[in-house]
1. If I go through region A:66-91 residue by residue, how many of them are assigned to a loop (DSSP other than H, G, I, E, B), farther than 16 Å from A:GLN14 by Cβ and open to solvent by less than 50 Å² (accessible area, probe 1.4 Å)?
2. Evaluate the following for B:GLU78: is it surrounded by 16 or more Cβ atoms within 10 Å (Cβ to Cβ) and within 16 Å of the ligand (Cβ to nearest atom)?
3. If you go through region A:1-48 one residue at a time, how many are within 14 Å of chain B (Cβ to nearest Cβ), acidic (Asp, Glu) and open to solvent by 60 Å² or more (accessible area, probe 1.4 Å)?
4. Looking only at region B:122-135, which residues are in contact with a helix residue (DSSP H, G or I) (Cβ under 8 Å, 6 or more places away or on another chain) and open to solvent by 50 Å² or more (accessible area, probe 1.4 Å)?
5. Quick check: anything in region B:165-181 in contact with a Ser or Thr (Cβ under 6 Å, 6 or more places away or on another chain) and without any contact (Cβ under 8 Å) to a residue 60 or more places away in the chain?
6. Quick one: in region B:142-164, of everything that is within 14 Å of chain A (Cβ to nearest Cβ) and either without any contact (Cβ under 8 Å) to a residue 12 or more places away in the chain or surrounded by fewer than 16 Cβ atoms within 10 Å (Cβ to Cβ) (or both), which residue is farthest from B:LEU118 (Cα to Cα)?
7. Which ones in region A:49-64 are open to solvent by 30 Å² or more (accessible area, probe 1.4 Å) and either within 14 Å of another protein chain (Cβ to nearest Cβ) or not hydrophobic (A, V, I, L, M, F, W, C) (or both)?
Amino acid sequence: MLLIECPWCGERDQTEFTCHGEAHIVRPKNPDELTDEQWGDYVFFRSNPKGLHKERWVHDHGCRRWFNVVRHTHTDIVYGSYKPGEPAPEVSEEALKGGKK
Amino acid sequence: MANHIVKVSPLDGLAKPAGSNVSLEERRFLGKVTLRGNPENKDFLSKVKDVLGVDLPLTPLTYVAGGAYTVHWVGPDEWMIHTQEDGEHALVLALREALEGIHSQVVDVSDYYVVMRLSGPAAREVLAKGSPLDFHPRAFRAGMVSGTRYANATIQISQLDDQPSYDVQVRWSFAEYLWNYFVEAAREFG
Ligand SMILES: [Zn+2]
């Protein structure tokens, strides 16, 4: 079970949220001009890193707002949350090595 | 032609907790209105205050009770207003008139939700059995409101006093489920 920090409600149990995949995927402005391969990249392909991952979460059972989370996909450690439009929190090398927040 | 409406509740006829440490009452047919708008728009805030008589709570997880209305923070641009039975009609009209031309939304959701009051010395334990929210007074106190879950139901819960008493708002279709869950959860506390 993860504790996720909602930027508005504070730290809450994971079961109040759902995760909706990688954040910052920008919809192309010119879909008509894209090849099938380029469109397929946008719709289906994600970076899928082993490491830090910026992802979209929504606090469905709480304030129902969307925001972003930085999570390590291997250790499952959540390094922080940020509102849409805000920069992602920096994660230091030390924090990564120590396996702690 | 029948011109009177008989209101029914999904909680009609359900058993109450048997013991004396948990009490459960429906707040029947409470008026409920959802308000959305931009809290950075001073015009929006002052027009709403003219109607409600109280400032919209801008601090997350708080509510204000004043006069005929209890106004709950739901999200950074959303509030849930409770008022007496049938008070929602005049409230919706007044808010819509006051907010004419201002980007906002006012919706009567009175029949979409049911509110029940859970109180008594063991009320906190009953809540802790089914919800991930921390109900310890260091985290959740009188004057606070939050969205969370109870078992499989999405709820809005506000604490009224230190008895403790809580108002729990749930979707109409989940009301019977939640009520019976509370009654069952209360059984061990007598
Ligand atoms: Zn939230």
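1. Going through region A:66-91, the residues assigned to a loop (DSSP other than H, G, I, E, B) turn out to be A:73-77, A:83-91.
Then keep just the ones that are farther than 16 Å from A:GLN14 by Cβ; that gives A:74, A:83-91.
If we keep only those that are open to solvent by less than 50 Å² (accessible area, probe 1.4 Å) as well, we get A:88-89, A:91.
The qualifying residues number 3.
2. Numbers: surrounded by 16 or more Cβ atoms within 10 Å (Cβ to Cβ): yes; within 16 Å of the ligand (Cβ to nearest atom): yes.
Considered against the rule, which asks whether it is surrounded by 16 or more Cβ atoms within 10 Å (Cβ to Cβ) and within 16 Å of the ligand (Cβ to nearest atom), B:GLU78 comes out as yes.
3. Going through region A:1-48, the residues within 14 Å of chain B (Cβ to nearest Cβ) turn out to be A:1-18.
Checking the rest, the ones that are also acidic (Asp, Glu) come to A:5, A:11, A:13, A:16.
Next cut, open to solvent by 60 Å² or more (accessible area, probe 1.4 Å) only: A:5, A:11.
Residues that pass the stated criteria total 2.
4. Of region B:122-135, the ones in contact with a helix residue (DSSP H, G or I) (Cβ under 8 Å, 6 or more places away or on another chain) are B:122, B:125-126, B:129-130, B:132-133, B:135.
B:GLU125, B:LYS129 - these are the residues of region B:122-135 that are in contact with a helix residue (DSSP H, G or I) (Cβ under 8 Å, 6 or more places away or on another chain) and open to solvent by 50 Å² or more (accessible area, probe 1.4 Å).
5. Of all residues in region B:165-181, those in contact with a Ser or Thr (Cβ under 6 Å, 6 or more places away or on another chain) come to B:165, B:167.
Keeping just the survivors that are without any contact (Cβ under 8 Å) to a residue 60 or more places away in the chain gives B:165.
Yes, because at least one residue in region B:165-181 is in contact with a Ser or Thr (Cβ under 6 Å, 6 or more places away or on another chain) and without any contact (Cβ under 8 Å) to a residue 60 or more places away in the chain.
6. Taking region B:142-164 as the starting set, the residues that turn out to be within 14 Å of chain A (Cβ to nearest Cβ) are B:144-158.
Next, from what is left, pick out any that are either without any contact (Cβ under 8 Å) to a residue 12 or more places away in the chain or surrounded by fewer than 16 Cβ atoms within 10 Å (Cβ to Cβ) (or both): B:151-152.
Details: B:ALA151: 16, B:ASN152: 18 Å.
Filtering region B:142-164 for residues that are within 14 Å of chain A (Cβ to nearest Cβ) and either without any contact (Cβ under 8 Å) to a residue 12 or more places away in the chain or surrounded by fewer than 16 Cβ atoms within 10 Å (Cβ to Cβ) (or both), the one farthest from B:LEU118 (Cα to Cα) comes out as B:ASN152.
7. Within region A:49-64, the subset open to solvent by 30 Å² or more (accessible area, probe 1.4 Å) is A:49-50, A:52, A:54, A:56, A:60-61, A:64.
Hits for region A:49-64 are A:PRO49, A:LYS50, A:LYS54, A:ARG56, A:ASP60, A:HIS61, A:ARG64.
Residue by residue, here is whether (1) in a loop (DSSP other than H, G, I, E, B); (2) touching a strand residue (DSSP E or B) at 6+ places or on another chain (Cβ under 8 Å); (3) modelled with pLDDT of 95 or more; (4) under 25 Å from A:PRO84 (Cα atoms) holds:
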position: B:GLU40; (1), (2), (3), (4): yes, no, yes, yes
position: B:VAL51; (1), (2), (3), (4): no, no, yes, no
position: B:HIS82; (1), (2), (3), (4): no, yes, yes, no
position: B:GLU88; (1), (2), (3), (4): no, yes, yes, no
position: B:GLU97; (1), (2), (3), (4): no, no, yes, no
position: B:GLN105; (1), (2), (3), (4): no, yes, yes, yes
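The values are calculated or read from the model by the stated rules, or taken from the named source; none is laboratory data. Everything quoted here is computed from the prediction, not taken from an experiment. When we count neighbours, we look across all protein chains shown, and the Cβ atoms used for this are built from the backbone with ideal geometry, even at glycine. For accessibility, only protein heavy atoms count, side chains too; no ligands or nucleic acids. Shrake-Rupley method; radii C 1.70, N 1.55, O 1.52, S 1.80 Å.
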